[in-house]
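What follows draws every value from the coordinates through simple rules; no lab data is involved. Everything quoted here is computed from the prediction, not taken from an experiment. Neighbour counts run over all protein chains shown; Cβ positions are idealised from the backbone, glycine included.
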Amino acid sequence: MHIYKAPGYDALKDFRHVMGLTSSEVALVVSADSDIRTLDELLARLKAAPGQVDYASGGVGTPSHLGMELFLSATGTRAMHVSYKGASELVHAVLGKQVVFGMPIYPAAYPMIKAGKLRALAVTGAQRNPTAPDVPTLAELGVKGVELTSWGGFSVPAGTPDAVVERLRSAFEQAMKRPEVVAKLEEQGGRVQMQDAATFVRSIEQEMRLTSAMMKKVGLEPI
């Protein structure tokens with residue numbers, strides 16, 4: 001709602017937010033065959049060529065963009081932003097060395113991390129991700145204030161009948177309790193984080209406030 005001057009909808013009024021489902025971190029990654037092997041080496045590269053080292057995002061205002069700008073602000077560095085369409089394109093841009101680094105949501109990057117094609121330098125969570133226990137958090141490495149999470153939830157158009165909402169909510173709730181579903185999400189680097197409707201709405205409101213605060217911190221104006 002804060003990224004665009006006229007988004008064309010109201011995220012709170014035009015939807016009925018039914019439940020929160022999942023959460024995950026954001027990962028700071030380079031290609032596995034990059035000569036950058038640590039966060040310190042990345043920072044050294046950024047400081048040696050301010051504004052010239054390029055990074056990919058999944059689009060203006062996405063966690064991979066705002067998170068990166070927050071990271072750059074926290075480390076006193078600058079880089080060149082290259083916007084792609086979504087996390088998948090971001091990951092492939094780093095894999096193909098079209099850019100030097102990026103910060104995709106963890107589940108989008110994890111298959112390539114697991115396959116040894118991407119090197120994770122850090123994650124943005126408050127704790128290390130269990131699927132990659134050797135990858136430190138940014139906070140552990142001395143970069144404070146960049147604890148970002150990406151979340152998923154289930155929403156329907158405003159005005160959807162209660163009976164329909166309840167049937168869908170029940171189906172999602174049952175599915176998210178199935179061990180194979182939980183295992184698959186965790187295997188991909190995500191986590192089940194169930195929230196009722198009221199809690200989910202509060203999370204969305206908090207995310208909007210955080211987005212606005214990050215935009216002001218990095219000097220990003222609505223487009």
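For the stretch 146-223, the fraction of C-alpha pairs farther apart than 21 angstrom is 46 percent. Using C-alpha pairs under 8 Å with a sequence gap of at least 6, the mean separation divided by the residue count of the stretch 83-223 gives a relative contact order of 16 percent.
Each Cα pair of the stretch 109-157 feeds into the Kirkwood radius, which the Stokes-Einstein equation turns, at 20 °C and 1.002 mPa s, into a diffusion coefficient of 175 µm²/s. Along its three principal directions, the equivalent ellipsoid of the stretch 86-141 from the Cα gyration tensor extends over semi-axes of 19, 11, 10 Å, largest first.
Considering only DSSP beta bridges where both residues belong to the stretch 1-131, give the percentage that are antiparallel (nearest 5).
On the way: 8 of 14 bridges.
Of all bridge pairs located within the stretch 1-131, approximately 55 percent are antiparallel.
The P(r) of the stretch 135-176 has a tail past 17 Å containing 56 percent of all C-alpha pairs.
Overall dimensions of the stretch 1-138, expressed as equivalent-ellipsoid semi-axes from the Cα gyration tensor (√(5λ), whole Å, largest first), are 26, 19, 14.
Alpha-carbon geometry of the stretch 75-178: the Rg and the Dmax are 18.1, 52 Å, given in that order. Would you mind checking the pairs LYS5/LYS144; LYS85/LYS144; LYS47/LYS114; LYS5/LYS85 and listing those with alpha carbons more than 25 angstrom apart? Where the Cα-Cα span goes over 25 Å, the pairs concerned are LYS5/LYS144; LYS85/LYS144; LYS47/LYS114.
The slack between LEU210 and ALA126, meaning 0.36 nm per residue of separation minus the straight C-alpha distance, is 28.6 nm.
Using a cut-off of 14 Å between beta-carbons, work out the net charge of the residues near VAL156 (Lys and Arg +1, Asp and Glu -1, VAL156 not included). Mind dumping the intermediate values first?
Values: positive: LYS13, ARG16, ARG167, ARG169; negative: ASP14, ASP162, GLU166.
Residues near VAL156 contribute +1 overall.
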